[in-house]
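Below is one structure, written out as structure tokens, with a few remarks after it.
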Amino acid sequence: MSATGIGASVKRKEDFRFLTGRGNYTDDINQPNQTYAYILRSPHAHAKIKGIDTAAAKSASGVVAVFTGEDMQVGSIPCGWGVNNKDGSPMNEPFHPALAQGKVRHVGDQVAVVIAETYSQAKDAAELIEVDYEELPAVTNSEKAIAPGAPLVHDDAAPNNMCYDWELGDEAEVDAEFKNAAHVVSIDLTNNRLVPNAMEPRAAIGDYNKGTGEYTLYTTSQNPHVIRLLMGAFVLQLPEHKLRVVAPDVGGGFGSKIYHYAEEAIVTWAAGKVRRPIKWTAERSESFLSDAHGRDHISHADLALDKDGKFLGLKVYTKANMGAYLSTFSTCVPTYLYATLLAGVYTTPKIYVNVKAIFTNTVPVDAYRGAGRPEATYLLERLVTKAAKQLGMDQVAIRQKNFIPADAFPYQTPVALQYDSGNYEATLKKAMELSKWDEFPQRKAEAAKRGKLRGIGISTYLEACGIAPSAVVGSLGARAGLFESANVRVHPTGSVSIYTGSHSHGQGHETTFAQLVSETLGIPLENINIEHGDTNRIAFGMGTYGSRSLAVGGEAIMKALGKVVDKASKIAAHLMEASVEDVEFKDGKFTVAGTDKEVDFGTVALTAYVPHNYPHETLEPGLEENAFYDPMNFTYPGGCHICEVEIDPDTGTTQIVGMTAVDDVGRVINPMIVEGQIHGGLAQGIGQALLESCEYDDSGQLTSGSYMDYCMPRADNLPNFMATTESTLCAHNSLGVKGCGEVGAIGSPPAVINAVLDALHELGVEDISMPATPQKIWQAIQAASMPAAAE
Amino acid sequence: MYEFSYHKPSSVADAAKAMGSADDPKILAGGQTLLPTMKQRLASPSDVVSLRGCRDLVGISSDGSTLTIGAMTTHAAVAASGDVQKAIPALAALAGNIGDAQVRNRGTIGGSLANNDPAADYPSAALALGATIVTTKRELSADNFFTGMFETALEEDEIITSIRFPVPQAAAYAKFDNPASRYALVGVFFAKTSDGPRVAVTGASQGGVFRAKDIEEQIAAGKTPDSSGIAENSLNADIHATAAYRKHLIGVMAKRAVAAAG
Ligand SMILES: Cc1cc2nc3c(=O)[nH]c(=O)nc-3n(C[C@H](O)[C@H](O)[C@H](O)COP(=O)(O)OP(=O)(O)OC[C@H]3O[C@@H](n4cnc5c(N)ncnc54)[C@H](O)[C@@H]3O)c2cc1C
């Protein structure tokens, strides 16, 4: 292993820039003659707009323009994935306006934009806009939204507030398994709605060049080419060659910056009208009201088991809250990223899943770190632990009994996916060792002496990432391919620039990708630059989400590097007067087998650009290659998370005293970065399990709309993590990599809740919902200790 | 934030003068509450009078029986003060646990008391310790100072200059954090004084900080304190805690405070 190649914990190249305040985020960018936009948002969850009077605002000091939905007649903000109903009919896909058209559907919906010389002037003027609202009753809960008589978010465009009523599997076939079952275990649970809270709020700058007719959008995006496609082709009808989208340094995304948002279209469109650059930056309270939220499922599930605890069949019924509009990937999250994961690591032969996607008067919901897989894992791992308790089995033994064995790969599940590799016994065993699982009873007894309730919880999870094979997702309704592109440009003196369609917003691509290059070309990291985030500089890109950057973007780089090595070998063969078949390339040097001939990579690069002595008949000068890579399959990370908690029964407070994560992420390029990704994922998983609660009141106001009320995990909420990897290699990509960005957030929530319930078991508490706050735990203890007669 | 005129006097006398001559002025201390409120456009003073130049408002002194803290003394300074740690260690600990390091380096004791946030920590200490709040116009006992949630006996242009704490025989503060904001969901300050036990509760009540006389009597009678005597319908209920949970926590925190005071 070289010091900077695959497997080395190289310090992140990008961190000097970030830690010394030299990052270049969207809000750091300023254009000459720039104006500022303030977006006036709906204070109501549901209302008709009877009229908007902008006269006073237009004449206010510093105001350049004011636009409403009446002015901005453009295309619908598109949804990227069509899902069909059970009967084959397409989903309801109501119009999604950039600026409200006659109606507002959630608190925070965009009503008007004020453009002024300064941000304060724009905000002052917005107070002068008079909107005549006729308030309507609102609905925020998905179950209530499909009850008869519920307010209709989209009126006739979505009867019963239904987006789709979708299924996977054959319900009758699964029912037949239930007839043979010795046991049926059922569970009802909610996967709580979360607010993503990237550190950098969203921002966008629109610019229009009258001379060339070109538009530029700087935006906080995880995928600038996708934004160019969605906004250009669907909303504003701008062709690619007249629209440049730049996503510079981006301070965290977690999914929330995948989507095309109204504000991007507004500043771009308006820049064309006012012929000046326009900057918009969200305030934190706007982020709460306009960044796509995550999760929000209500589910019921039944598991059929034989007398020995072997799973026979699983039925899952889920209501997924879509919010008020369909965000870009919202529709695939509770279907193809959720239902297809419900086999988990188990051999369950028959599975049926029904998902109803439902509109409500809330912020749109879309993918958030894990996207569908945390929801599936939480359901499955709570259910399996409950089954163990109900059958009187050991919670580890019931899992082992149902594991897909390590020699069964490739393994076809009943829910469409074919797993290529894995070893669930291995990750389980290692996690149990590291967490000293067997000594837990002693620790519990010791805690009891201190008046604490100690519990241990486990989750053996699987996820599908590295999205995705285009042909597969296309057949499932995706309106795009999910390949990636890369360009390797070798400069004359041997330094290298990589242009990747992946986008780094905290993941460390500038280091990990450079390690691939260093390993392949044998050159030092300082000679390598990773470029991303600009549609004018990068050929194409589908961006970063679904833990796809290395497994798809990295593979594209490897493919392009392979082409570079091929061509360089030919040049080297010419220089060494050898046949190309005899040329070997290792550690940056070309050699000829059986001779002492040798030429280094730098010399070859120089030769390519100063081709005085060059095989012109057969080769073009220059050394630069492109590649597109479309994966053969998803990748399937999995593993085991074990959580240990202590609960103070006097207050209901939970302290996590141990968190062990053993993850199979495939080959590890940079162990330090992988560990960091897992730490971050665990923090978010623990946040979901214990702390984060997105609350709406009945009128549709977000009551947890600031950090005073929305609890983000902080360092002292977290234990010292014991995080390590125990990998099998991905069988269908050259690097053997799987993905590590989301596993922490996917595997941990059920481990935490199972631990909490284990601690409370002796008091008779059977269920708790996320987040398991001190109050909820205290209430559960109270309820369980109440004499039955009093209930 | 709306526009305003900014003043930075260098003495409390000049500050009082600036307050008197402005239309709708506000004092700016650490700004940890006032500035966020102004940024959210919930406050729009015509004039902001900063006390940061008033060196006469900063400082801590102790004569053994009384601890005096200048209004502009930051939470960080109180937490780190040897005088406070010696005279009333519970007060130093309380200050050291307010917010985060940035907040403690800006926020002031005067600002906290003047603001009387129903979930703030200092008001419970002032009330339980029987502090005297010294202003540009008079001296007020803590019992008469706090008049309701975000309400005090201060007049519009009255400035707190210092706070005098009689040194108790023992004291302790037990706080149950609101998990999100880390203000007090319930905080109980217990002081053993020569006049008997004093217990003040913050975070819990609709009326702001209050003295739990019932619990004081239990302690005086040598009983383990509990919250059975507190009327649930006087307590706050919000997305973080029901009134019943708050009532329960008052009992738990009172017990812990008494135990910690030793
Ligand atoms: C993130 C965060 C977390 C926090 N956590 C906690 C916590 O856990 N516990 C807690 O108790 N507090 C907490 N606070 C509040 C903080 O501790 C400050 O004490 C509080 O904001 C007020 O003090 P200040 O000096 O900042 O006052 P300012 O914000 O400047 O002023 C507050 C009010 O008091 C008035 N005022 C200020 N000084 C005087 C004076 N000398 N005389 C008369 N009127 C005056 C002002 O006009 C204003 O109305 C937190 C604040 C933040 C931002």
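Could you work out the relative contact order of chain A? I mean the mean sequence separation of Cα pairs under 8 Å and 6+ apart, divided by the number of residues, in percent.
About 15 percent, as a whole number.
Can you tell which of B:G229, B:G187, B:G99 shows the greatest fluctuation in a Gaussian network model of chain B with Cα springs below 10 Å?
Answer for the Gaussian network model of chain B: B:G229.
On average, how many beta carbons from a partner chain sit within 10 Å of the beta carbon of a residue in A:703-710?
4
Place the peptides A:447-459, A:207-219, A:244-256 in order of packing, highest mean first, counting for every residue the other Cβ atoms within 10 Å and averaging per peptide.
Result, highest mean Cβ count within 10 Å first: A:244-256, A:447-459, A:207-219.
Report, in whole Å, the centroid distance computed from the Cα atoms of region A:70-149 and region B:138-185.
The distance from the Cα centre of region A:70-149 to that of region B:138-185 comes to 45 Å.
Percent of accessible area on chain A owned by carbon and sulfur, 1.4 Å probe?
In chain A, the share of accessible area belonging to carbon and sulfur is 51 percent.
In whole Hz, what ³J(HN,Hα) sequence does region B:159-176 give by Karplus (6.51, -1.76, 1.60; θ = phi - 60°), x for Gly and Pro?
10, 6, 10, 7, 10, 10, 10, x, 6, x, 6, 7, 7, 7, 10, 10, 10, 10
Taking 0.36 nm per residue of sequence separation and subtracting the Cα-Cα distance, how much length would be gained by fully extending the chain between A:Q655 and A:K58, in nm to one decimal?
Extending this stretch completely gives an extra 209.5 nm.
Report the charge-dipole magnitude of chain A in Debye, nearest 20, computed about the Cα centre from +1 at each Lys and Arg Cβ and -1 at each Asp and Glu Cβ.
Here the size comes out at about 360 debye.
Taking a 22 Å limit on the Cα-Cα distance, which of the listed pairs A:K350/A:K386; A:K86/A:K319; A:K567/A:K738; A:K559/A:K738; A:K350/A:K738; A:K570/A:K738 fall beyond it?
Among A:K350/A:K386; A:K86/A:K319; A:K567/A:K738; A:K559/A:K738; A:K350/A:K738; A:K570/A:K738, the Cα-Cα distance tops 22 Å for A:K567/A:K738; A:K350/A:K738; A:K570/A:K738.
What FRET efficiency do you get for A:Y609 and A:S470 if R0 is 30 Å and r is their Cβ-Cβ distance, rounded to the nearest 0.05?
Calculated transfer efficiency: 0.30.
Using a simple charge model, +1 on the beta-carbon of Lys and Arg, -1 on the beta-carbon of Asp and Glu, nothing else, what dipole does region B:170-261 show about its Cα centre, in debye to the nearest 20?
The calculation lands at about 200 debye.
When we measure straight from the Cα of A:K123, which lysines land under 21 angstrom away, once same-chain ones fewer than 8 places off are left out?
Excluding near neighbours in sequence, the set is A:K58, A:K273, A:K279, B:K39.
What does the highest-first list of A:725-731, A:15-21 look like by mean Cβ count within 10 Å?
So the order, starting with the most tightly packed, is A:725-731, A:15-21.
Cα to Cα, under 18 Å, and not fewer than 8 places away if on the same chain: which aspartates and glutamates meet these conditions relative to A:K179?
Answer for A:K179, where 18 Å is the Cα cut-off: A:D170, A:E171, A:D302, A:D306, A:D308, listed by chain and number.
Quick check for me: using +1 on Lys/Arg Cβ and -1 on Asp/Glu Cβ, what's the dipole size of region A:483-629 about its Cα centre, in debye to the nearest 20?
340 debye
Rounded, prolate or oblate, given the Cα gyration tensor of region B:5-50, with a/c below 1.5 counting as rounded?
Judged from the Cα gyration tensor, region B:5-50 comes out oblate (a/c at least 1.5, b/c at or above a/b).
Hey, rough spin-label estimate for A:S579 and B:K137, points 7 angstrom out along Cα→Cβ, what's it come to in nanometres?
10.4 nm
Taking chain B as a Gaussian network, where each spring joins two C-alpha atoms under 10 Å apart, which residue of B:S81, B:S141, B:S21 fluctuates the most?
In this elastic network of chain B, the residue with the biggest mean-square fluctuation among B:S81, B:S141, B:S21 is B:S21.
Just checking the output field for A:649-655: average partner chain Cβ neighbours within 10 Å of each residue's Cβ?
3
Mean Kyte-Doolittle of at least -0.5 and a Cα length of 24 Å or more along the axis: which whole DSSP H helices of chain A meet both?
A:373-391, A:555-575, A:743-760
For a test of the definition: using alpha carbon positions, the gyration tensor, and the 1.5 limit on a/c, classify chain A as rounded, prolate or oblate.
oblate
Using only helices, what value at 222 nm comes out for the protein assembly as shown when you add -39,500 (n - 2.57) per DSSP H run of length 4 or more and divide by the total residues, to the nearest 500 deg cm²/dmol?
Value at 222 nm, helices only, nearest 500: -8000 deg cm²/dmol.
Mind checking which aspartates and glutamates have their Cα closer than 14 Å to the Cα of A:K563? Skip sequence neighbours fewer than 8 apart in that chain.
A:E555, A:E620, A:E624, A:E625
Which of the peptides A:750-763, A:129-142, A:277-290, A:611-624 is most tightly packed, and how do the rest follow, going by the mean number of other Cβ atoms within 10 Å of each residue?
Top of the packing list down: A:750-763, A:277-290, A:129-142, A:611-624.
Averaged over A:772-778, how many beta carbons belonging to a partner chain fall within 10 Å of each residue's beta carbon?
The mean count of partner-chain Cβ atoms within 10 Å per residue comes to 5.
Which length gain, in nm to one decimal place, applies between B:K223 and B:Q40 when the Cα-Cα distance is subtracted from 0.36 nm times their residue separation?
Length difference between fully extended and current span is 61.2 nm.
Could you grab the relative contact order for chain B? Cα pairs under 8 Å, six or more apart, rounded to a whole percent.
So the answer I get is 15 percent.
With a point put 7 Å past each Cα toward its Cβ, work out how far B:A101 is from A:K310 in nm, to one decimal.
So the label points at B:A101 and A:K310 sit 5.9 nm apart.
Sticking with the crude label model, points 7 Å out along Cα→Cβ, report the distance from A:T595 to A:T212 in nm, one decimal please.
Computed distance between label sites A:T595 and A:T212 equals 4.8 nm.
Before anything else, pin down the relative contact order of region B:1-74: Cα pairs under 8 Å, at least 6 apart, normalised by residue count, whole percent.
Contact order relative to length: 38 percent.
Label region A:483-629 by shape, choosing from rounded, prolate and oblate, from the square roots a ≥ b ≥ c of the eigenvalues of the Cα gyration tensor; if a/c is under 1.5 it is rounded, and otherwise prolate applies when a/b is larger than b/c, oblate when it is not.
prolate
The values are calculated or read from the model by the stated rules, or taken from the named source; none is laboratory data. Worth saying up front: this structure is predicted, and the values here are computed from it rather than measured. Every residue, glycine as well, gets a Cβ built from its backbone with ideal geometry; the counts of neighbours run over all protein chains shown. Surface accessibility is based on the protein's heavy atoms, side chains included, excluding ligands, DNA and RNA. Shrake-Rupley method; radii C 1.70, N 1.55, O 1.52, S 1.80 Å.
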